[in-house]
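Participant: Sharing a structure below in structure tokens format, with a few things to ask.
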Amino acid sequence: MTVNPRAGGPSRRRFLRTSLGAGAALAAAPALVGCATSQVRSARNAGTDPVPWPEYVPVEGPRPDLPPDPRGVDAGFLRYPDHLVSSVPERPGSGRETLTAMVETYEAPPRGPGANRYWAALNEALGVDLKLQLVPSGNLQAKIATMMASGDMPDLLMVRNWIPRVADYAANVAADLSEHLAGPAVRAYPNLANLPTYAWRDMGLMGGRIMGVPITRPRTGSAILSHREELVELAGGTYNDWTAEEFVDTLKRATGGKKYGFGVASGGWLFGVPLLASWHGAPNLYGLRDGEFVKAELTEEYRAAVEFARRLHQTEKVYYPGTATMPTETMKSLFFNGTVRAQLDNLPGYQAANIAVGDAFTVDLLRPPTGLGAGLTSHFSGGTYGYTLLKPGPPERIRLLLRVLNYLAAPFGTTEYERTYYGVEGEHFERVDGDLELTELAKTENPSTVPVKYITAPPPVHFYPGNPDAVRRVHAFQTADVETGIPPLTSGLVVRDALRPYTRMRKLFEDAVISVVQGHSSMKHWDDAVRTWRTQGGDRVDAELAEEYAAVNEV
Amino acid sequence: MSNRNTLLDKALGPREHRPSWMEKPHPLTQAGKAVALVVICALILVPILVVVSTSLASPAEVTANGGWVLFPTEPTLQAYQDILSGGTITRSLAVSVGITVVGTAVSLFGTITLAYALSREHFSLRKPLLLMVLFTFLFPPGMLPGYLVVKGLGLLDSYWALILPVAINVFNLVIMRGFFQGLPQELYDAARIDGAGELTVLLRIVLPLSKAVIAVIGLFYAVGYWNSFFSAILYLNDSSKWPLQAVLQTVVTKGANLGGNTTDALSDSGAVAAPQTYQMATVVVAVIPILIIYPFIQKYFTKGVLTGAIKS
């Protein structure tokens, strides 16, 4: 008889067996937790009795030089208003309350209120001690996941609608604001009532209720910025009022030597295909055709846009080399120094470009060409950056939080806006000849470094101190754009049951665009991607969105 | 030439019997090797040069050059003066140094004592303890359980949250344990005969003989603490406590392209990022301290790691 000397003691095999067993138990834990929390409420709106959207009641302020259009044109101010109005008669807090807010940031952390005059002045104006918990943009999803798992929640929690399950989290954990904000109730907070309805709709209802306050942004999506003087010369007489062929010819003439006609940064810009799809008349993410909810990528117009981008890249060669891998900052530098004569960007990018370029050249916004596909459309963005959830608490606490948000949503032309966006006169800005001039200190102390503009934000306006022509150009662009503008049908809709295929296939079309446009594969790759979407669960996503759309819009 | 060949023949044997690698290389081969070495060196050095040069250039020159500079026309230290003028970078640099020094000390203490215990044959709990340690190596807890443990221990917003959860690295522990096991048993026996207890053996016998492995493991820990940024963002809500790498992440990347919905992330960062001069100056400040330490530790590297990895 052979005796195993290791019998009963630790062995490699026993260790692995034990470890695998324990690992399996750990893996099963979330499922068990799911069983224990069967009372979780769905954020879906289908089957609910949704509350009305907050009423829209504009705040009376200084008259803009260029009028807004509620469909998607922002007011333009050529000079800073001489007389400001107040939209918040009383301080939101008593000066004794402390308030925590978790917000995303793109900046290095600022000095605290003790050494930051902007932050201190804002605290004084709000009447609260605002403690900001900053999260770099790239880590937002991980940080919020820990929030969700741990049960921790600050008084104000900024979220983005692309974070998985965030709507469910809001529906179950955040304060229900319906009684404070739905319908006419929002009038108690005039600056929140001044937020455009499109922003509320883009945030969406959760379980038929209002669970947050939106962070408003312009509706205009991406646009092509151009070096006006050079492109006017290259285009001849047809600049900015062109057919597709004239547009392509101009880009071709703009490409030569060490200059390039068109630059698109890497990331989600996808060679500009989503913009080109709007030029071809494709739906904005989704479309309603013959009563059917149709995903944009499945349409012929979108396919034509991919082919058009492929032609620009492979045949006409107007893209800057390495367009698919170029970081945004590098692409901006190439545009600023004239290497790239037209660059895909957006309205915040337009503002930044005007500041960066100065007098070197005129930054213009290119109008889309005509004659493509089913006819020109403009794809609006949802009109929000994200939204802010409130921690549940006694009604008085909720009202305090809403008063603070009301202050931060004060529109341009109010004293509250001036405090929030420009700081303290004499410290962060000066009035020079009736206009506004920012000081050096404003570069480090502003609503981006102390990122309160990511808690909530007023309706956007165009005001570029010292550069009224830039305001005129962008206002004219929006005015033309709005005539063909279509909002995204999926604005504010909740995908829940089909989340898994949605997440799994989010990259499907992106990868196909990059591969096809770069010439690594033919249009068959694109057709395969469309087929994959239809057969691998994409139809479930489409159906759920259609059901949600019907519930929210009462089609 | 013929004298040289004769000497080679005497030293290495007749030419026809020598393996080809003993032959004098062909000039073309030598040139090829030289070119390859130059290219490899350039691949390593040019990016470093670009980072340093860009940090010394003016923002205008960087923009005019398309985002980077190889040789600045008018070098200036303005970016360094600005970022080190008592603001965020200076504070976070001090935090990083503190965490690295304290964390490395805590980690070395924990690793040495545990490795020593696990290297002693007569320690009755050696095997179960080793299994527990290895279990964490095979099945790391992940972000959410880690967060819940840190929260449960009341460590949120504390610097200890950056140190204690990663205080003992199993890989380092195994190396250290192997090194201790490789020391001659006779040394332990002699110390015992002289009446030394475990603590005396560790302090008077083992540690003085383990300087190489301690230096290398210490460097591993120091680099780990120095480079760590994610745990700071996860566990420290007060951003004034962030170490340099967490700040560096925001300065250099502005969050874009790191995750989430890239298009959305880009869409709101319309303002031009901190000028590349400042980004690169911050990178240099972040890299230099740990770069300075390497030459002092380098001599221990091979000895420390290889010796610890082999149990004799």
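Participant: Provide the packing ranking of A:181-189, A:233-241, i.e. peptides ordered by the mean count of other C-beta atoms within 10 Å per residue, highest first.
Facilitator: Descending packing order for the listed peptides: A:181-189, A:233-241.
Participant: Would you be so kind as to identify which of B:V50, B:L28, B:V69 lies farthest towards the positive end of the dipole of the stretch B:2-76, taking Lys and Arg as +1 and Asp and Glu as -1 on Cβ and the Cα centre as origin?
Facilitator: B:L28
Participant: Also, I was wondering about something else. Would you mind working out the magnitude of the charge dipole of chain A relative to its Cα centre, with +1 at each Lys and Arg C-beta and -1 at each Asp and Glu C-beta, to the nearest 20 Debye?
Facilitator: Here the size comes out at about 2700 debye.
Participant: Please turn the phi angles of the stretch A:507-522 into ³J(HN,Hα) values with the Karplus equation 6.51 cos²θ - 1.76 cosθ + 1.60 (θ = phi - 60°), one per residue in order, whole Hz, x for glycine and proline.
Facilitator: Per-residue couplings from phi come out as 8, 3, 6, 4, 4, 5, 4, 4, 5, 6, 5, 6, x, 6, 8, 8 Hz.
Participant: Continuing with the same structure: How would you classify chain A from its alpha-carbon gyration tensor, with a ≥ b ≥ c the square roots of the eigenvalues: rounded for a/c under 1.5, else prolate if a/b is greater than b/c, otherwise oblate?
Facilitator: The shape class here is oblate.
Participant: Right, here's the next one. Based on alpha-carbon centroids, what's the gap between the stretch A:219-284 and the stretch B:143-205 in Å, whole number please?
Facilitator: 62 Å
Participant: About its Cα centre, what dipole magnitude does the stretch A:449-555 give when the only charges are +1 on Lys and Arg Cβ and -1 on Asp and Glu Cβ, stated in debye to the nearest 20?
Facilitator: It comes to approximately 400 debye.
Participant: Using only DSSP helix segments of four residues or longer, with each worth -39500 (n - 2.57), what per-residue ellipticity at 222 nm results for chain B after dividing by its residue count and rounding to 500?
Facilitator: -21500 deg cm²/dmol
Participant: Oh, and also: Using modelled backbone amide H atoms (1.01 Å from N, in-plane), which distant-in-sequence or interchain residues come within less than 5 Å of A:G263's amide H?
Facilitator: A:Y320, A:A342, A:Q343, A:L344
Participant: Determine the distance separating the Cα centre of the stretch A:383-438 from the Cα centre of the stretch B:106-122; give it in Å without decimals.
Facilitator: 56 Å
Participant: Explain nothing, just the number: dipole magnitude of the stretch A:302-353 about its Cα centre with +1 on each Lys and Arg Cβ and -1 on each Asp and Glu Cβ, in debye rounded to the nearest 20.
Facilitator: Rounded to the nearest 20 debye, it is 160 debye.
Participant: Sequence-distant or interchain residues sharing an amide H contact under 5 Å with A:G76, placed H: which?
Facilitator: Those lying under 5 Å, H to H, from A:G76 are A:D65, A:L66, A:H462.
Participant: If you don't mind, there's one more thing I want to ask. In the stretch B:119-199, which GluC sites (Glu not before Pro) fall in coil by DSSP and have 10 or fewer other Cβ atoms within 10 Å?
Facilitator: The qualifying sites are B:E121.
Participant: If amide hydrogens are placed 1.01 Å from N in the peptide plane, which non-local residues have theirs closer than 5 Å to the one on A:M326?
Facilitator: It is A:S266, by chain and number.
Participant: Also: Tell me what chain A gives for mean residue ellipticity at 222 nm when only DSSP H runs of n ≥ 4 count, each as -39,500 (n - 2.57), the sum divided by the residue total, rounded to 500 deg cm²/dmol.
Facilitator: About -10500 deg cm²/dmol.
Values in this text are rule-based calculations from the coordinates and carry no lab data. In this text the structure is predicted, and so the values were computed from the model without any measurement. So basically every Cβ, Gly included, is an ideal-geometry build from the backbone, and we count neighbours across all protein chains shown.
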